[in-house]
Amino acid sequence: MSKCVSCEDEFLWNDTVIIVDDKLYHKDCLELYPTGFYAMLDGEPLGETENDDGQMAYEIIDELLDDDEED
């Protein structure tokens, strides 16, 4: 039988299993952190972002609201 690397308990059929580097763990034995998305530009890393869908420009750039009012 397969065992959890952390607690060494055998897995039951309904356990939630997480695979890390080809090793099996119970989900409850681990702390999982979301990492978001990593942005690249021309193959060069820019950094992490959780804004994968993007936003409308007017939502984050205040000057754009002022320009619309003048037109």
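The values are calculated or read from the model by the stated rules, or taken from the named source; none is laboratory data. Just so it is clear, the structure is predicted and the values come from calculations on it, not from any experiment. Neighbour counts are summed over all protein chains in view; Cβ atoms, including those assigned to glycine, are modelled from backbone coordinates with ideal geometry. SASA here: full protein model, heavy atoms, side chains in, ligands and nucleic acids out. Shrake-Rupley method; radii C 1.70, N 1.55, O 1.52, S 1.80 Å.
Which ones in the range 33-60 are among the aliphatic types (A, V, I, L, M) and open to solvent by 70 Å² or more (accessible area, probe 1.4 Å)? Passing the criteria: 40, 41, 46, 56, 60.
In the range 14-42, the residues that are on the phi > 0 side of the Ramachandran plot form Cβ pairs under 9 Å with partners that are open to solvent by 100 Å² or more (accessible area, probe 1.4 Å), at six or more places apart or across chains, as follows: 36/48; 36/50. Checking each residue in the range 11-23 for being over 20 Å from the mean Cα position of the chain (by Cα) and surrounded by 10 or more Cβ atoms within 10 Å (Cβ to Cβ) picks out 11, 15, 23. Here residue 63 fits the description: at pLDDT below 80 and open to solvent by 100 Å² or more (accessible area, probe 1.4 Å).
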